[in-house]
Protein chains: 2
Amino acid sequence: MAVIGLGPGAPELMAPAVRAELDQAQDIVGYTTYVRMAGPFRAGQRILDSDNRCEMERARLAFELAAQGRRVVVVSSGDPGIFAMAAAVVEALDQAEDLRWHQVDLAILPGISAAQVAAARAGAPLGHDFCVLSLSDNLKPWSQIERRLALAAQADLVIALYNPSSKARPWQLGQALELLRRHRDPSTPVILGRDVGRPAEQVLATTLGEIRPEQVDMRTVVIIGSSLTRQIPRRDGGAWVYTPRWYPQSSAQTS
Amino acid sequence: MAVIGLGPGAPELMAPAVRAELDQAQDIVGYTTYVRMAGPFRAGQRILDSDNRCEMERARLAFELAAQGRRVVVVSSGDPGIFAMAAAVVEALDQAEDLRWHQVDLAILPGISAAQVAAARAGAPLGHDFCVLSLSDNLKPWSQIERRLALAAQADLVIALYNPSSKARPWQLGQALELLRRHRDPSTPVILGRDVGRPAEQVLATTLGEIRPEQVDMRTVVIIGSSLTRQIPRRDGGAWVYTPRWYPQSSAQTS
């Protein structure tokens with residue numbers, strides 16, 4: 001059984017090891033949108049896709065099939081290890097009462113995650129210390145998210161936000177930005193990467209002072225610069241954004 | 001001109017877009033070890049490798065060649081955007097007085113970074129909020145590193161440490177671990193990934209209480225779990241390590 005990361009979606013950013021696993025699989029388990037990205041599949045390969053958002057159910061289905069001797073691939077977009085299926089799969093194993101599940105030969109194959117593609121398109125905003133946080137309060141309390149944002153801001157880390165916004169979570173991003181504006185200058189570079197590595201890709205360089213929550217949806221990754229992140233003009237009229245590899249020897253600490 | 005990420009080294013984890021850029025390049029610029037990983041090259045492709053650790057010099061050389069009309073690839077291992085060449089290249093452009101450099105068609109192609117491979121081998125330790133920090137105090141003051149470690153620990157983030165140790169920086173990791181032990185339990189899972197994605201790969205799951213700095217060198221990435229990261233037995237006798245996707249609704253805050 002393999003848990004694989006498609007990367008952002010474009011075949012040219014998918015690892016050959018992932019392509020090989022997909023080609024050899026008998027059963028392909030995953031969220032419908034991602035399974036479609038992973039195809040086309042051969043006749044005879046069984047597609048077990050669903051729009052069900054319950055990752056644990058998919059993980060359990062995959063173990064059930066693998067325990068029966070099927071060659072199973074669990075499909076994630078991006079990197080399965082970063083806010084995707086790998087944690088659910090290992091958690092399902094942790095909770096498993098079926099001893100056969102523990103005998104399954106499990107491999108996890110990494111992929112390029114959305115923040116990496118957005119960063120590459122924009123320049124090198126993740127070129128120094130950074131953190132990756134999910135803004136979703138579906139599985140963790142909002143107070144914990146705010147606490148982490150405040151500490152990450154104090155640490156002057158570049159911050160990549162996954163799951164920044166959705167129809168069911170409309171106010172969270174606005175509140176997060178308000179919190180970050182208390183720590184960082186309005187001129188701090190911000191990158192919005194929507195559908196990065198897919199045909200509809202849009203990457204926008206803006207600032208913490210200018211970004212509006214309405215510019216962001218669930219298909220967007222948001223990268224917020226540190227105090228040192230810089231924007232420079234680009235020949236196409238846009239901007240390159242980068243965070244230098246160095247830190248001044250006596251810097252004013254953010255607070 | 002393209003700045004590319006080889007990924008960890010294994011060809012099956014290198015993006016096809018990166019392979020294509022390498023195949024089309026006229027000039028290949030990079031650190032000797034990584035350029036060797038990127039080959040073999042065709043007769044006629046010019047290799048401009050060096051053991052020089054000055055990333056800015058390599059970046060400037062690449063722009064100089066590209067401005068002359070050469071098709072140039074700058075080679076990074078892992079992801080060029082994560083503690084690698086992309087930030088140096090954009091910084092070189094930022095400082096450039098030669099207007100031709102600003103006319104160079106520049107693209108950055110992401111790759112799979114070492115922490116992602118180590119995480120995939122170990123399970124899903126980066127399955128929830130995490131940060132990526134360099135322990136190298138070559139380009140930033142040690143006080144800033146300690147400050148970031150302490151805040152990341154307070155935020156209960158999983159912490160991936162790059163550049164954890166080298167002959168020239170022998171004491172830093174020990175001091176970092178001492179700091180982290182003040183915030184986290186000795187049973188906190190720790191992963192040491194050495195040469196991940198390369199033939200000599202070694203991945204070890206240990207704990208914050210047991211890890212010794214001598215186990216770590218400059219080719220190792222270190223992942224330190226959060227308060228929720230768990231280890232479970234694996235059929236080969238080792239352990240799976242994962243960080244659950246959820247956070248308890250009323251957790252004791254670490255301090």
Checklist outcome for this item: Result for chain B: accessible area per residue, probe 1.4 angstrom, in square angstrom, of 39
Next on the checklist: Using a Förster radius of 25 Å, what is the FRET efficiency between residue A:198 and residue B:105 based on their Cβ-Cβ separation? Nearest 0.05, please.
Outcome noted: 0.70
Checklist entry - Which distance in nm do the two modelled labels at residue A:139 and residue B:218 give, with both placed 7 Å along the Cα-to-Cβ direction? => result 3.8
Checklist outcome for this item: Along the range B:203-217, Karplus-curve 3J(HN,Hα) (6.51, -1.76, 1.60; θ = phi - 60°) to the nearest Hz, with x for Gly and Pro, reads 10, 10, 9, 9, 9, 5, x, 9, 4, 10, x, 5, 6, 10, 9
Checklist outcome for this item: With Cα coordinates, the longest principal axis of chain B makes an angle with the long axis of helix B:172-181, in degrees rounded to 10, of 40
Checklist entry - Taking the protein assembly as shown as a whole, which cysteines find no other cysteine Cβ under 4.7 angstrom from their Cβ? => result A:54, B:54
Checklist entry - How many Å³ per residue does the convex hull of the Cα positions in chain A occupy? => result 143
Item to check | Angle between chain A longest axis and helix A:85-94 axis [Cα atoms, degrees, rounded to 10] | outcome: 60
Checklist entry - Which of the listed residues, A:143, A:17, A:237, is farthest toward the dipole's positive end in chain A, when Lys, Arg count +1 and Asp, Glu count -1 at the beta-carbon? => result A:237
Checklist entry - With the solvent-accessible surface defined on protein heavy atoms using a 1.4 Å probe, which residues belonging to the range B:65-101 display a reduction of at least 50 Å² in accessible area in the multichain context relative to the isolated chain? => result B:83, B:87, B:90, B:91, B:94
Next on the checklist: Could you sort the peptides A:179-191, A:80-92 by per-residue average Cβ neighbour count (10 Å cutoff), highest mean leading?
Outcome noted: A:80-92, A:179-191
Checklist entry - How well do other chains shield peptide A:222-233, expressed as the mean number of their Cβ atoms within 10 Å of each residue Cβ? => result 1
Item to check | Buried accessible area, chains B and A (both chains, 1.4 Å probe, Å² to nearest 100) | outcome: 6500
Checklist outcome for this item: Farthest towards the positive end of the dipole of the range A:61-209, among A:155, A:118, A:82 and with Cβ unit charges of +1 on Lys and Arg and -1 on Asp and Glu, lies the Cα of A:118
Item to check | Nearby lysines by direct alpha-carbon distance to residue B:167 (threshold 19 angstrom, same-chain neighbours under 8 apart not counted) | outcome: B:140
Checklist entry - What gaps in nm, shortest first, separate residue A:19 from its twins in the other copies when you place the label 7 Å past Cα toward the beta carbon? => result 0.5
Item to check | Zero-based 5 Å bins, Cα pair distances in the range B:33-88, whole percents | outcome: 4, 17, 28, 28, 18, 5, 0
Checklist entry - So what's the gap between the Cα centers of the range B:69-135 and the range B:1-62, to the nearest angstrom? => result 13
Checklist entry - Roughly what percent of Cα-Cα pairs across the protein assembly as shown reach past 42 Å? => result 12
Checklist outcome for this item: For the axis mapping B onto A, the chain B residue whose beta carbon sits nearest, plus its rounded distance in angstrom, comes out as B:131, 2
Next on the checklist: Using a 1.4 Å probe on the protein heavy atoms, what percent of the accessible area of the range A:113-156 belongs to carbon and sulfur?
Outcome noted: 50
Checklist outcome for this item: For peptide B:56-63, the mean count of other chain Cβ atoms within 10 Å per residue Cβ is 0
Checklist entry - Which distances in nm, rounded to one decimal and ordered from shortest, link the label point of residue A:204 to the equivalent label points in the other identical copies, with labels set 7 Å from Cα toward Cβ? => result 4.9
Checklist outcome for this item: Inter-copy distances for residue A:139, label 7 Å out on the Cα-Cβ vector, sorted ascending, nm, one decimal, are 3.3
Item to check | 10 Å Cβ neighbours from other chains, averaged over peptide A:104-115 | outcome: 5
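The values are calculated or read from the model by the stated rules, or taken from the named source; none is laboratory data. Since we're looking at a predicted model, the values are computed, not measured. Note: ideal-geometry Cβ built from the backbone for every residue, glycine included; neighbour counts use all protein chains shown. These area figures cover heavy atoms from the full protein model, side chains too; ligands, DNA and RNA do not enter into them. Shrake-Rupley method; radii C 1.70, N 1.55, O 1.52, S 1.80 Å.
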